[in-house]
1. Condition (residue is within 15 Å of the chain's Cα centre (by Cα), in a strand (DSSP E or B) and more than 24 Å from GLY111 (Cβ to Cβ)) applied to region 182-190: is it met by at least one residue?
2. Suppose we filter region 69-126 for residues that are of a type in the set (A, V, I, L, M), farther than 19 Å from MET279 by Cβ and either touching a Cys at 6+ places or on another chain (Cβ under 8 Å) or open to solvent by less than 40 Å² (accessible area, probe 1.4 Å) (or both); how many remain?
3. Restricting to region 155-182, what's the tally of residues that are within 23 Å of ILE128 (Cα to Cα) and free of Cβ contacts under 8 Å to residues at least 40 places away in the same chain?
4. Which ones in region 234-261 are within 16 Å of LYS149 (Cβ to Cβ) and either out of contact with any strand residue (DSSP E or B) (no Cβ under 8 Å at 6 or more places or on another chain) or open to solvent by less than 10 Å² (accessible area, probe 1.4 Å) (or both)?
5. Would you please name the residue that is nearest to TRP67 (Cα to Cα), looking only at residues in region 136-155 that are out of contact with any Ser or Thr (no Cβ under 8 Å at 6 or more places or on another chain) and surrounded by fewer than 22 Cβ atoms within 10 Å (Cβ to Cβ)?
6. Of these, ALA39, ALA62, which one is open to solvent by less than 40 Å² (accessible area, probe 1.4 Å), among the aliphatic types (A, V, I, L, M) and without any contact (Cβ under 8 Å) to a residue 24 or more places away in the chain?
7. When you scan region 215-229, do you find a residue that is open to solvent by 60 Å² or more (accessible area, probe 1.4 Å), modelled with pLDDT of 95 or more, among the hydrophobic types (A, V, I, L, M, F, W, C) and in a loop (DSSP other than H, G, I, E, B), even just one?
8. Which residue is surrounded by the fewest Cβ atoms within 10 Å (Cβ to Cβ), if the candidates are limited to region 156-200 and must be of a type in the set (Asp, Glu) and touching a strand residue (DSSP E or B) at 6+ places or on another chain (Cβ under 7 Å)?
Amino acid sequence: FKQKTAYEIGVRLVGSEMCIRDSYESEGYIILPRFFDDAEVQELLEVMRRILPTINRGTLTADHDPWTQEPGDDLNPLRVSYINDLFEYDQRLDDHMRSKRLVGVMMDLFGSDITAFQSATVIKPPQINFDYHGWHQDMYDYQPLSNFKNANAMTYLGDMGPGTGSTSLVPRSHLVGILQPVWEDVEGWPKKQRRLEGFEKYEPDVITPHFRPGDVLVFDSRLMHRANSNADDATKIGLVNVFQSADCIDIEGKNDFHVANLPIASQGKVLTREESMKMVSEGG
């Protein structure tokens, strides 16, 4: 894998909407280094520190480390690996989803009216083998949508490299179509491993950036990507907010996430929680 830092391959926000959109459309992703400052990162970590010890095994909207039930670290003692509908757990997480700068990037990409698609977190407990997670394209699960103006914004709350919980990508793979996913048994593994049929063709193009706390990765939901294992002794957390243009319609109504179709920005204005709820109640 080509190992670069987010600073080497990232797009810096310098007031150039065109630069951001051009990079996103051609590469399928953009990296925004140090998008959130240390104070914001620490606030979000403290919220997660309160939430994670309450997520017991068996929680319907959560997953845990399948390899062991031994305790994790102080941040993540129950070894949680995933939580969905995260915005409902704390007002600070709802506020993060509505960050004016973050939603502003989405408006630069998709226009002045933005809705939410998913609010979640992917967590790598200490010393977890995450290879079962495998290469995938989120759009396989999301389709059919009326267009492809749908993207994941991942906020990294820790230092994450190739072996410590980073995200690997295949640049420009959003342009090649949706590959068929396959789940295979691996001897001795507690879960099937996910892979993409024909992925070998794209493997030479894989990059694995090194992300630092506060970095944000925005990627097209058709982009081939994977979450990496964490050989570190500390939990690594990425906050997931998937946004889309308001004219990106879930044709079959498959999305049952609680945040689905929630208005986040309207006519260029980022909405408060109350404003969003009012629009929903009014059918806007």
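The values are calculated or read from the model by the stated rules, or taken from the named source; none is laboratory data. From a predicted model like this one, the values you see are computed outputs, not experimental measurements. Positions of Cβ are generated from backbone atoms using ideal geometry, with glycine treated the same way; all protein chains shown enter the neighbour counts. For the accessible areas, the whole protein counts, side chains as well, though only heavy atoms, and no ligand, DNA or RNA atoms are used. Shrake-Rupley method; radii C 1.70, N 1.55, O 1.52, S 1.80 Å.
1. Taking every residue of region 182-190 in turn, none turns out to be within 15 Å of the chain's Cα centre (by Cα), in a strand (DSSP E or B) and more than 24 Å from GLY111 (Cβ to Cβ).
2. Within region 69-126, residues that are of a type in the set (A, V, I, L, M), farther than 19 Å from MET279 by Cβ and either touching a Cys at 6+ places or on another chain (Cβ under 8 Å) or open to solvent by less than 40 Å² (accessible area, probe 1.4 Å) (or both) number 11.
3. The total comes to 1.
4. ASN241, VAL242, PHE243, GLN244, SER245, ASP247, CYS248
5. Among them, the one singled out is HIS136.
6. So the residue among ALA39, ALA62 that is open to solvent by less than 40 Å² (accessible area, probe 1.4 Å), among the aliphatic types (A, V, I, L, M) and without any contact (Cβ under 8 Å) to a residue 24 or more places away in the chain is ALA62.
7. Scanning region 215-229, I find no residue that is open to solvent by 60 Å² or more (accessible area, probe 1.4 Å), modelled with pLDDT of 95 or more, among the hydrophobic types (A, V, I, L, M, F, W, C) and in a loop (DSSP other than H, G, I, E, B), so the answer is no.
8. Looking at residues that are of a type in the set (Asp, Glu) and touching a strand residue (DSSP E or B) at 6+ places or on another chain (Cβ under 7 Å), I get GLU197.
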